[in-house]
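Everything on this sheet refers to the single structure shown next.
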Amino acid sequence: MSIPLEPVRPITLQDIESARARLAHTVLRTPLVRLELGSGGPDIRLKLENLQPTNSYKLRGAVNAVAMLPESARRQGVWTISAGNAGQGVAYAARQAGVSCSVVVVETAPAAKIERMRALGAKLIPVSYEVAWRALDQRTFPGVEGTFVHPFDDHNFIAGHATMGLEILEDAPDTAAVVAAIGGGGLITGIASAIKTSNPQIKVWGAEPETAAPAARSFAQGSPQVFPGWTASFVDGAGGKSVFPRMWERMRPIVDGSIIVTLEQTKQAMRMIAEKSRAVAEGAGALALAAALTGNAGRGPIVAIVSGGNIDLSKFCEILASTTPQESTC
């Protein structure tokens, strides 16, 4: 029998400040780096979450969520469902807490993410994307034991991500807009919770690939939508098959919309981040910059969240080379 879910409620400033105190000795306060685009270009700053110990923002939410579990629940071990980044975050938090961790992982996840989860001690159960997405909705999976930590529809997970919003406001109080990739919606809900509480005038935009943009469809139609013709791509860490109703309830009041970008624009953004900041961004990690460069988020100052850098280096070099081969740096 399933356990009733707690009602969706707003992430408060107190929730976020408490999460920040919990994360202080584990999570890096990541730098905000201005992207030099020359005179006449938009004012864009990159929030480099790819520099976290697990190379992804997911560590923020995972550490807070595991820390907030009752001791009796932690002792049973934890498990999650992931394409790789949430799995690393939960595995890292579990190792820190001295408990076991299992990850129901999308079988097409990059080798870099698979290897890192194993190195962190996680037991992996590979499944198809369809099976993983269904399990996320059902919050159960046959044969997996322990306490389930949802990788986005979890109040404490989202509060952990919201700590990033506080850092942005402190480091760049002149921010006019923030752009973040949308997968399940936990990242943008967390950031928007912090930003809108402090300054409702700042716009918060999502970013999704053209192959998987259910949030943009949901904002256009005013209700949670399934994305028709969903297609897998190298942007494996964002762009879900649908927007879960509970996540729509969280996002709708505080997120201004979602910007769709092409796969080519995403590749160009990956290349720009590498060339101008010497940082590695995975596909999902470059979505926010790609969206900011469309002009649909305004002229700035815009903060683009580089949400992760977990990509196989051979694939990264292949993508960079495919944008302008004659100038390839790989």
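The values are calculated or read from the model by the stated rules, or taken from the named source; none is laboratory data. Because the structure is predicted, anything quoted here is derived from the model rather than measured. FYI the Cβ positions are ideal-geometry reconstructions off the backbone, even for glycines, and counts take in every protein chain you see. Areas reflect the complete protein model, heavy atoms only, side chains present, ligands, DNA and RNA absent. Shrake-Rupley method; radii C 1.70, N 1.55, O 1.52, S 1.80 Å.
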**Request:** Note down the relative contact order for the stretch 41-180 as a percent, whole number, built from C-alpha pairs under 8 angstrom at least six residues apart.
**Result:** 28 percent
**Asked** Hey, got a sec? Which trypsin sites (Lys or Arg not before Pro) in the stretch 228-330 land in a DSSP loop and have at most 11 other Cβ atoms within 10 Å?
**Response** R278
**Complete:** Expressed as a percent, the accessible surface of the chain that is carbon or sulfur, using a 1.4 Å probe and the full set of protein chains, is 52 percent
**Message:** At a threshold of 8 angstrom on Cα-Cα distance, excluding pairs fewer than six apart, so keeping six or more, what relative contact order does the stretch 1-77 reach in percent?
**Reply:** 24 percent
**Request:** Run through the DSSP bridge list for the chain and note the antiparallel percent, rounded to the nearest 5.
**Result:** 15 percent
**Amide H within-cut-off set for G146, under 5 Å, with H built and near neighbours excluded** = none
**Pair V131, D312: separation of 7 Å Cα→Cβ label points (nm)** = 2.0 nm
**Alpha-carbon spread of the stretch 162-217, three principal axes, descending order, Å** = 35, 18, 16
**Item:** Sequence-distant residues sharing a close amide H with K123 (under 5 Å, placed H)
**Value:** C101, S102, V103
**Request:** For T324 and S18, calculate 0.36 nm times their separation in residues minus their Cα-Cα distance, and state this gained length in nm to one decimal.
**Result:** 105.6 nm
**Fill in**
Under a Gaussian network model of the chain whose springs join Cα atoms within less than 10 Å, the largest fluctuation of A304, A286, A172 belongs to A172
**Message:** Keeping every protein chain present and rolling a 1.4 Å probe, give me the accessible area per residue for the stretch 1-86 in Å².
**Reply:** 49 Å²
**Fill in**
Under the Karplus relation with 6.51, -1.76 and 1.60 and θ = phi - 60°, whole-Hz ³J(HN,Hα) for the stretch 20-30, x at Gly and Pro, equal 4, 5, 5, 8, 3, 9, 10, 9, 7, 6, 6
**Complete:** Counting Lys and Arg as +1 and Asp and Glu as -1 over every other residue whose Cβ sits under 10 Å from the Cβ of V226, the net charge comes to +2
**Message:** Give me the 1.4 Å probe accessible area per residue for the stretch 224-330, excluding ligands and nucleic acids, in Å².
**Reply:** 40 Å²
**Request:** List the lysines whose Cα lies under 22 Å from the Cα of K203, skipping any in the same chain that are fewer than 8 positions away.
**Result:** K47
**Item:** the stretch 85-171: GluC sites (Glu not before Pro) in DSSP loop, at most 14 other beta carbons within 10 Å
**Value:** E107, E145
**Request:** For K241, go through the lysines and keep the ones whose alpha-carbon is under 24 Å away, minus same-chain ones fewer than eight residues off.
**Result:** K58, K113, K267, K315
**Asked** With each pseudo-label sitting 7 Å past Cα toward Cβ, what's the R75-T108 distance in nm, one decimal?
**Response** 4.2 nm
**Message:** To check you understand DSSP bridge types, tell me what percent of the beta bridges within the stretch 180-311 (both residues inside) are antiparallel, rounded to 5.
**Reply:** 10 percent
**Item:** Under-5 Å amide H pairs with V204, H placed in peptide plane, nonlocal only
**Value:** V178, D256
**Message:** Loop-only GluC sites (Glu not before Pro) in the stretch 1-82, please: DSSP not H, G, I, E or B, and at most 15 other Cβ atoms within 10 Å.
**Reply:** E36
**Prompt:** Mind listing the phi-derived Karplus ³J(HN,Hα) values for the stretch 119-131, rounded to whole Hz, using 6.51, -1.76 and 1.60 with θ = phi - 60°, and x for any glycine or proline?
**Reply:** 4, 7, x, 7, 8, 9, 10, x, 9, 6, 4, 4, 5
**Asked** Under the Karplus relation 6.51 cos²θ - 1.76 cosθ + 1.60, θ = phi - 60°, what is the ordered set of whole-Hz ³J(HN,Hα) values for the stretch 260-266, x standing for Gly and Pro?
**Response** 8, 10, 7, 5, 5, 4, 5
